[in-house]
1. Relative contact order for the range 3-165: what is it in percent, counting Cα pairs under 8 Å that are at least 6 residues apart?
2. Per the helix-only calculation at 222 nm, which mean residue ellipticity applies to the chain, given -39500 (n - 2.57) for every DSSP H run of n ≥ 4 and division by its residues, nearest 500 deg cm²/dmol?
3. Only Cα pairs within less than 10 Å get springs; with that Gaussian network setup on the chain, which residue of 75, 126, 33 has the largest fluctuation?
4. Is the shape of the chain rounded, prolate or oblate, going by the alpha carbon gyration tensor and its root eigenvalues a ≥ b ≥ c, with a/c under 1.5 for rounded and a/b larger than b/c for prolate?
5. Sort 133-140, 153-160 by the packing proxy (mean of other Cβ within 10 Å over each peptide's residues), most packed first.
6. Over the chain, with a Gaussian network built from C-alpha contacts below 10 Å, which listed residue (129, 77, 44) shows the highest mean-square fluctuation?
């Protein structure tokens, strides 16, 4: 059974180790870092620079086997406490196919609904990342029909905007 806890800087080494190639890296962060690969220090520096902003929360998913995943929840619009956005979602690649990604997303959704009192959760996912897209859709997210394009190397990827609204 997975649980969420606040991210610790010591988690960075594990999180970065799951990013085995640039494709996975771009699925994970789009264009939020200007270089690949990143180091644990790069990740922590970015997170440290957002500390105190009060609009982003970093979480680590873990179970009896150790750290299993990572996710951020942030308020994307200043002053709007009704909408949160998930990002930097990644799972230990050696543990894929066990339902842990969906479990982590559901835990984060519960946190957003119950603790943050959000009314809507949004997330962007690249069309090319079918495993993540399926995970989010099966967790209750719906495609909004909005697509943003990203230049990734020589390719253009479509990023689908998904949302879940509290009933």
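Readers should treat all values here as calculations from the given coordinates under stated rules, not as data from a laboratory. Note that the coordinates shown come from a computational prediction; the quantities given were computed from them, not determined experimentally. Backbone-built Cβ (ideal geometry, glycine too); neighbour counts: all protein chains shown.
1. 19
2. -8500 deg cm²/dmol
3. Looking only at 75, 126, 33, the largest GNM fluctuation is found for 33.
4. On the way: a/c = 1.21, a/b = 1.06, b/c = 1.14.
Taking the square roots of the gyration eigenvalues as a ≥ b ≥ c, the chain is rounded.
5. Packing proxy ranking, top to bottom: 133-140, 153-160.
6. Top of the fluctuation ranking is 77.
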